[in-house]
Structure formats: C-alpha cells, structure tokens
Amino acid sequence: MDKGQPDGRRGGLLTLTLRPSGSTIWVGPAWAVVCGAVSSGALTRDWHTLLMALLAVVLADPILSTIWALVSSDDSRYVVEPTDNPGPGTVLPSLPYTLPGSAAGRLRELLEERLAGWRWAVWPRARESIPTLGFASALALLMAAVLGILPLAVVVAFLVAAGARVWIRGSSMRLVEALGSGVLAGVPWVLGYVALAEPLIGEQGPGSLGFALLAAAAYAGVFHGCALISAQRLSLGANVVTAFQVFVVAVLILIEHPIHGGAVALLLLPQVMLQPLMLRLDDGGWYLRRVQGFAMLAMLTVALALA
C-alpha cells in the first residue's frame, strides 16, 4: 500500500474540546462566579476558600460554557433528510409477558416509539457532539460534587436547562436568547454564591439567597444586553443594559445601601453617555470595548453591597 495514501480507516482517538464562552463579552460566566462569591460574604484569603472559588470559576467557564455551546450549535449542521428512517432498525420478537394488549406490551410499544423518535429527531443532529457533551457533563457533575450539595443542585438545574435548549430549538429566538443569558450569566452567579455560602445559608436565612437570586437575574440582564449589542441589535441592547442597572440602583436604595446605589449610578453614567455615539457609528463592538469595564465594576459593587 502506498504510504502517501490514506487507507480509509479511522483512528480510535476522540477529540474533546473545552472552550470559554467568548472573548467579546467580558461580563460573562467567570466574572459572574467572582461576583457571586463576593456577594456570599465568605470570600477570604484562606487557601481553601480561594481554591473553592477558583474551582467554581473553571466549572462555569469553560466547562458549563462548553456544554451550552454544544446544545446551542448551529441548526444547519443538524438537518435531517426526509429519507431518514424514523422507525427502529430491527424488530425484536415479543416475549410471552409482552404480547400485544398486555400492560407490559403497551409499555414496550411506548418505549420503542419514544426511542425511535429520539433516534430520528435528536441523534442525527447531535451524534458528533454527544461524546464531548457526555464528558463535559460528567466532569461538571464531578466538580460540582466536590464543591458541595448546593453547587451540585445548581449544575443539575443547568443540565436540565441545557436539555430543554435542545428541545426548544425551533422555538422563538427571543425565548432561546433569554434562556441562554439566564444560564450563562445567572447560573454562574448563583454557583459562586452557594459554593462559598453553603455553610452560612442556614444562619443567614432565606432572604440572603433571595437577594443572591435577584442579583443573578440583574447580572443576566446586563449580560443579555451586552450580547444584543454584540449582535448589532444596538437600541434594544442599550435599553436592556440601562434598564437592569437602573433597577439595581433602585433595589440598593430600597434595601438601605444608598452609597453602593450611587456608585452603580455613577458607573452607569459613561455607559449611557456613549450610547448615542454607538448608534451613530453603528458599531456595537466599539461600544462594548469602552463600557464593559464599567458594567463589570457596577455588578461587583452590587456584590459588595450584598456581602
């Protein structure tokens, strides 16, 4: 055989790639974990605490970001030809206790129908990503288990949302985008919070967890606005970024943190002032490069207020 020609056989190696969520939006999962950890009030210079925080950051980005990227990959890669066979490949003979009409028989028929539908609708779309998806999911669960019970519950909720993302592929893009922002930004904030505050939640009461969820939602809103601006949906993105930070200012004042609320308002000011120029230039990337630092500091200020 000519050594210069491939012999048509595939190797047994499997390439697994973990990648961060992206470089154009700094207000992302890693910073969300940092803010969540700060808001817990338990972030100290103790090596164990810092190690837990670092583990949570790595878990959020790139591990969870990779999982979300896989389930959100381009639909054009997963077009199923109409000639694909939707039925099972082989029909197994019925056992005596699974004869048609029996309870077990009806259950077997239902399972075969569901399995055939899954093979037709899901497997042709995802077969190239399933090994990486399975590896990343197992790694995420393992790392979350090291962090504790509550972080494990947060990661399980993330994986449920990732599964939902597969099934709502044909749904409204606004719903998909909102889900993505909540998962990529809100979940990491909660993860950073519970990774460090789990021993303290019983002492602090449910109110502290409620404020953490509220802050996570605000962070997800700011992230969503930045994502819209990055996609050149400038007016809507600018309105979303501004609205969520104004909401944060109002909440901080209501919970008697006026100094932190004023700091967030001052950090919002340059973001608002540059929005008309962004619209005139029609360049979301230009705007994000100049204001994301202010948005990151604003959300860190929120975390410090809750600590």
When residues of region 146-192 are filtered for being under 20 Å from Phe244 (Cα atoms) and crowded, with 17+ Cβ neighbours inside 10 Å, how many remain?
12
Expected single match for of a type outside the set (Gly, Ala, Ser) and part of a loop (DSSP other than H, G, I, E, B) among Gln232, Gln271 is Gln232
Filter region 279-300 for residues that are surrounded by 22 or more Cβ atoms within 10 Å (Cβ to Cβ) and farther than 16 Å from Gly237 by Cα; the one that is farthest from the chain's Cα centre (by Cα) is Ala298
Please go through region 156-201 and give me each residue that is modelled with pLDDT of 85 or more, in contact with a Ser or Thr (Cβ under 9 Å, 6 or more places away or on another chain) and more than 28 Å from Leu304 (Cα to Cα), ordered by number.
Leu159, Ala162
Can you tell me which residue is surrounded by the fewest Cβ atoms within 10 Å (Cβ to Cβ) among those in region 228-278 that are over 27 Å from the mean Cα position of the chain (by Cα) and of a type in the set (Gly, Ala, Ser)?
Gly262
Among the listed residues Gln275, Gln232, Gln292, Gln204, which satisfies the condition of being modelled with pLDDT of 95 or more and not hydrophobic (A, V, I, L, M, F, W, C)?
Gln275
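The values are calculated or read from the model by the stated rules, or taken from the named source; none is laboratory data. The shown structure was predicted, so the numbers you read here are calculated from the model rather than taken from an experiment. All Cβ positions, glycine included, derive from the backbone under ideal geometry; neighbour counts span all protein chains shown.
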